[in-house]
1. Express the carbon and sulfur contribution to the solvent-accessible surface of segment 123-225 as a percent, rounded to the nearest whole number, probe 1.4 angstrom.
2. Where does each of 29-38, 183-192, 296-305 land if you order them by average Cβ count within 10 Å, highest first?
3. Pairs of Cα atoms under 8 Å, at least six residues apart: use those to get the relative contact order of segment 85-222, whole percent.
4. Taking Cα atoms, how many degrees apart are the long axis of helix 255-264 and the longest axis of the chain, rounded to 10 and kept between 0 and 90?
5. Roughly what angle does helix 158-168 make with the longest principal axis of the chain, taking Cα atoms, 0 to 90 degrees, to the nearest 10?
6. Tell me the relative contact order for segment 4-107 as a rounded percent, counting alpha carbon contacts under 8 Å between residues six or more apart.
7. As a test of the formula, what do you get for the chain when each DSSP H run with n ≥ 4 contributes -39,500 (n - 2.57) and the sum is divided by the residue count, at 222 nm and rounded to the nearest 500 deg cm²/dmol?
8. By how many nm would the segment from Asp208 to Arg291 grow when fully extended, if each residue of separation counts as 0.36 nm and the alpha-carbon distance is taken off?
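The values are calculated or read from the model by the stated rules, or taken from the named source; none is laboratory data. No experiment lies behind these values; they were computed from the predicted model shown. Counting neighbours? That spans all protein chains shown, and the Cβs are built from the backbone with ideal geometry, glycine included. Remember, those area values only see protein heavy atoms, side chains included, never the ligands or the DNA or RNA. Shrake-Rupley method; radii C 1.70, N 1.55, O 1.52, S 1.80 Å.
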Amino acid sequence: MSFEHSEIAVLGAGSWGTALALLLAQDGGVVRLWDRTDTQIAALLAERENQRYLPGHLFPENLHPTADLDAALAGASCVVVAVPSAAVDEVLSRAQLANGADIVLAAKGIDPETLELPSDVTARLAPGHSVVALSGPNLAREVAAGIPAAAVAASGDGMAARRVAERFNRATFRTYVSDDLIGVEVGGAVKNVLAIAGGISDGLGYGDNTKAALMARGLAEMARLGVALGGKQETFYGLAGVGDLIATAASKLSRNWRVGHGLGQGKDLPDILAELGQVAEGVPTARAVARLATKHGLFLPVCSTVAELLEGSLTPREGVARLTENRTAKTE
């Protein structure tokens, strides 16, 4: 499949959107990188790199930053949505998409108010367009640096999933195909909540045993929720589940890990987020997961405890103690 003359729009010039724009620009096609903030786009145009979020990676000539959403989308056969999940509704409600454009969702979260996944929002606002979720263990700085990585493109439309996988395939970025859109989205959202738990454990100075136990039980919760929402069990033991969880919960490059680590060290959440300077999707998603657990009658103690910690009703030590205290033995 050839994309030689196609144009791509990447919506969102944070670290992940910029990394994806750089990746897609490697084949020489036109890539437009949009951001709503005029000052941010002015800086990208002047510096020809994203010094704020992804410094050290110069833009090639075929990567064009713009603050004009209509210009970014004009003629684009592929639209990559890399804004925070809370902004997907606002951005797509303004978007004038070209006929037949594939929508690639790189946002990972669940709306804490509506409990919608990004694909739910997209189906509501862009009917008639193929929707593909792109997810996996992909830290933006490593992808931009060309360090080998892999991802999965998931859609109920198999042809669209394959088109997107072929667009993103590179020597250092292997892209697989899945038909489990819901499972891949749930994995990408819940791993952020679990990464906060992992960061809390590290921030408290606990060891690898504690963190491994939290992540293993958290993975079971991820799968439990995903299956309840219509995903497939096996999805959570692949790139978009355990793969993404390992990267996000273990790396100091992970925003969500850094949130948890700060909490474990006794810092206040507003101060942590201000220092971070970017959205940590696990914060709003934790509340969404807790609400979904109640709605579907699911036992998700790790995720629910993270939600309570973020709300300030538990201290980090109280939260970990709750999860590790002696209870009646039961089958794993």
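1. Numbers: 1960 of 3700 Å².
In segment 123-225, the share of accessible area belonging to carbon and sulfur is 53 percent.
2. On the way: 29-38: 20.1, 183-192: 31.7, 296-305: 18.4.
Highest to lowest by the protection proxy: 183-192, 29-38, 296-305.
3. Numbers: 193 pairs, mean separation 26.5, N = 138.
Contact order relative to length: 19 percent.
4. 30
5. 80
6. Numbers: 199 pairs, mean separation 32.6, N = 104.
Worked out over segment 4-107, it gives 31 percent.
7. Values: 15 runs with 160 residues, N = 332.
It comes out at -14500 deg cm²/dmol, rounded to the nearest 500.
8. Numbers: separation 83, 0.36 × 83 = 29.88 nm, distance 2.95 nm.
Answer, rounded to one decimal: 26.9 nm.
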